[in-house]
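Student: My questions will all concern the structure given below.
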Amino acid sequence: MPRVNRTVVLTLLIVSSSVFLLFQLYYYRKYVSQPGPYILSRTGHLTANDLQWQTVKKFLGLARHFGLPLFLADTAALTLLSHDALRQRDRLVREPHCSFLCTGRPVTSFALHANLWKYEPGFLLAAEQKGFELLELRGEDPRLASLDNLSGEEIPLHFLFRLHGYVIQVVFLYERSGNYLWHGALRLKSNIDRSFAPFKLLDYGRYSGSYDRPELVLTVLDGLDVRIPRNVSHFLSEHRQARFLECRYRDARNFLQLYPDDSSPEAVEFRRKVKSLLHLAARTLAQLDVPFWLSSGTCLGWFRQCSVISYSQDVDIGIFIEDFRSDIVAAFRNAGLSLKHKFGKVGDSLELSFQSDDVKLDIFFFYDDGDVVWNGGTQAKSGKKFKYIFPRFSLCWAELLELKVRVPCETLDYVTANYGSTWNVPVRSWDWKSSPSNVQENGVWPPSEWVELIQVY
């Protein structure tokens, strides 16, 4: 057996070691020596988290250079920032260098305050030069839509940047007249590459959404400077209930062509008073943390004609009975309204009515009953009880009279239940005891309880 040449073996070992050292030096200079956490795993190889962190780092560097007013809006990452999750971070985190931005998903979401940024094509060009692939999604600007103008110009709604198989979603938040932020739905046209991103995993775009304007703070996450909402829990709660419905301007204009709106001074003054009363009610209930939605004729006016029904003479809102608070009456009195009547009780058919000038605010409390929900009504002179039955519904945001308000997401079902299939035909003569399609008699209050359950002021 031939002897092994020790010099050859030694030379091969030296060459192999040198190549390996050069490889390590390359990665050290390219990644580890950069500001931020050490991104090499213990094995010395790039992991999936390493690549995601590098993608986010490169994107944030570009955003900072071009002055993009961004904040972290990724629900998975923000959830990790909650206090409970922070206490468990050491147990939950698999990769110690990327504890928050590497969430196990191939997507990271940021929100951009569109009104604070002038669209800069140079930013997109720079992103492409850095290796990012870009998908820009646009849609009509609803802020320009009205009964007089149905077509708005297109605006950017979402940017999707892809690098190393990871996607950065940038959702554009626009200021609306109701003093809130809005983003549009993500709609893919026929020529869009459906494989560009895992669209079902995106945090934003399935529906339009609305948010309060968040206060932001600058922090360091995984070695990167990132702005986040100061109140993370509130932002995440908003996200779960953010779905927004636009007014149906096209249908409203068709309706008003058949049934022109009342433009008399009295009708104009009524709409002004309704706006003032609705804003006051929203402020008062917000202070109590009591959610409400547009109900009955006020909901019909929003859905049918993007306004209020001038001959209705009142404002109608709904509240789920579990959100009732005993200090609601005092709060409205402190806001300047007088209690006109109080019918029923918390356990059955509660209804409150307040007066402001010559416009009435009716608050109907809704009760769960299996597959349906209902609110009650009471005839003061006879003690008769009535029940108005609706299919179950969820709540969405909408805008009416420059105010962000809730409406039933299933608005058509809600309106049809209350007004029947001819809801789009005005009815000026309305009897609340017999005209609604969903009204049922519900017994009579015992005369011995009238003093407590039928209070008229």
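Student: Among the candidates 312, 295, 356, single out the residue that is among the polar types (S, T, N, Q), crowded, with 21+ Cβ neighbours inside 10 Å and closer than 22 Å to residue 380 by Cβ.
Tutor: Testing whether each residue is among the polar types (S, T, N, Q), crowded, with 21+ Cβ neighbours inside 10 Å and closer than 22 Å to residue 380 by Cβ leaves just 295.
Student: Among (1) of a type outside the set (A, V, I, L, M, F, W, C); (2) open to solvent by 40 Å² or more (accessible area, probe 1.4 Å); (3) out of contact with any strand residue (DSSP E or B) (no Cβ under 7 Å at 6 or more places or on another chain), which single condition is residue 142 missing?
Tutor: (2)
Student: Just one of the numbered conditions (1) open to solvent by 20 Å² or more (accessible area, probe 1.4 Å); (2) in contact with a Gly (Cβ under 7 Å, 6 or more places away or on another chain) is not true of residue 386; which one?
Tutor: Among (1) open to solvent by 20 Å² or more (accessible area, probe 1.4 Å); (2) in contact with a Gly (Cβ under 7 Å, 6 or more places away or on another chain), the lone unmet condition for residue 386 is (1).
Student: Would you confirm, using the coordinates I've provided, whether residue 241 is of a type in the set (S, T, N, Q) and farther than 29 Å from residue 393 by Cα?
Tutor: Taking the combined requirement at face value, the residue does not satisfy it.
Student: Is the range 268-281 home to any residue that is within 30 Å of the chain's Cα centre (by Cα) and assigned to a strand (DSSP E or B)? Show your work before the answer.
Tutor: The initial filter retains those residues of the range 268-281 that are within 30 Å of the chain's Cα centre (by Cα), namely 271-281.
Still in the running and assigned to a strand (DSSP E or B): none.
No, there is no match, as no residue in the range 268-281 is within 30 Å of the chain's Cα centre (by Cα) and assigned to a strand (DSSP E or B).
Student: Could you run through the range 94-121 and say how many residues are outside any loop (DSSP other than H, G, I, E, B), modelled with pLDDT of 90 or more and within 23 Å of residue 196 (Cβ to Cβ)?
Tutor: Total meeting the criteria: 7.
Student: Right, another one. Can you tell me which residues in the range 317-353 are crowded, with 21+ Cβ neighbours inside 10 Å, in a strand (DSSP E or B) and under 28 Å from the mean Cα position of the chain (by Cα)?
Tutor: Matches in the range 317-353: 317, 318, 319.
Student: Considering only the range 166-188, state which residues are surrounded by fewer than 21 Cβ atoms within 10 Å (Cβ to Cβ) and not hydrophobic (A, V, I, L, M, F, W, C).
Tutor: Selection gives 174, 175, 176, 177, 178, 179, 180, 187.
Student: Going by the conditions given, is residue 159 closer than 14 Å to residue 110 by Cα, touching a helix residue (DSSP H, G or I) at 6+ places or on another chain (Cβ under 7 Å) and surrounded by 14 or more Cβ atoms within 10 Å (Cβ to Cβ)?
Tutor: no
Student: Where in the range 400-457 are there strands (runs of 3 or more DSSP E), lying fully within it, with 3 or more residues that are loosely packed, with under 15 Cβ neighbours inside 10 Å?
Tutor: Output list reads 439-444.
Student: Against the definition (open to solvent by 10 Å² or more (accessible area, probe 1.4 Å), under 25 Å from residue 328 (Cα atoms), not acidic (Asp, Glu) and not in a helix (DSSP H, G or I)), how does residue 237 come out, yes or no?
Tutor: In short, no.
Student: OK, next. Among the residues of the range 298-312, which ones are in a loop (DSSP other than H, G, I, E, B) and touching a helix residue (DSSP H, G or I) at 6+ places or on another chain (Cβ under 7 Å)? Don't jump to the end; show me each part of the working.
Tutor: First pass over the range 298-312, keeping only residues in a loop (DSSP other than H, G, I, E, B): 306-312.
Scanning the range 298-312 gives 306, 307, 308, 309, 310, 312.
Student: Give me a count of the residues in the range 189-206 that are in contact (Cβ under 8 Å) with a residue 24 or more places away in the chain and either surrounded by fewer than 16 Cβ atoms within 10 Å (Cβ to Cβ) or of a type in the set (Gly, Ala, Ser) (or both). Walk me through how you get there before you give the answer.
Tutor: Initially, the range 189-206 is screened for residues in contact (Cβ under 8 Å) with a residue 24 or more places away in the chain, giving 192-193, 196-198, 201-205.
Then drop every residue that is not either surrounded by fewer than 16 Cβ atoms within 10 Å (Cβ to Cβ) or of a type in the set (Gly, Ala, Ser) (or both), which leaves 192-193, 196-198, 201, 205.
Qualifying residue count, the range 189-206: 7.
Student: I'd like to know if the range 413-421 contains one or more residues that are in contact with a Lys or Arg (Cβ under 8 Å, 6 or more places away or on another chain) and closer than 30 Å to residue 306 by Cβ. Lay out the reasoning, then the answer.
Tutor: Residues of the range 413-421 that are in contact with a Lys or Arg (Cβ under 8 Å, 6 or more places away or on another chain), as a first pass: 415.
Cutting the leftovers down to closer than 30 Å to residue 306 by Cβ gives us 415.
Checked against the condition, which is being in contact with a Lys or Arg (Cβ under 8 Å, 6 or more places away or on another chain) and closer than 30 Å to residue 306 by Cβ, the range 413-421 yields at least one hit.
Student: From (1) open to solvent by less than 40 Å² (accessible area, probe 1.4 Å); (2) modelled with pLDDT of 95 or more; (3) touching a strand residue (DSSP E or B) at 6+ places or on another chain (Cβ under 7 Å), pick out the condition that doesn't hold for residue 279.
Tutor: Unmet condition: (1).
Student: Out of contact with any Ser or Thr (no Cβ under 9 Å at 6 or more places or on another chain) and among the aliphatic types (A, V, I, L, M) - does that describe any residue in the range 161-169?
Tutor: no
Student: A further question follows. Take residue 312 and decide whether it is on the phi < 0 side of the Ramachandran plot and not aliphatic (A, V, I, L, M).
Tutor: Yes; evaluated as a whole, the condition is true for this residue.
The values are calculated or read from the model by the stated rules, or taken from the named source; none is laboratory data. Predicted model only: the values in this text are computed from it and were never measured. Every residue, glycine as well, gets a Cβ built from its backbone with ideal geometry; the counts of neighbours run over all protein chains shown. Heads up: the accessible areas ignore ligands, DNA and RNA and are worked out on the full protein's heavy atoms, side chains in. Shrake-Rupley method; radii C 1.70, N 1.55, O 1.52, S 1.80 Å.
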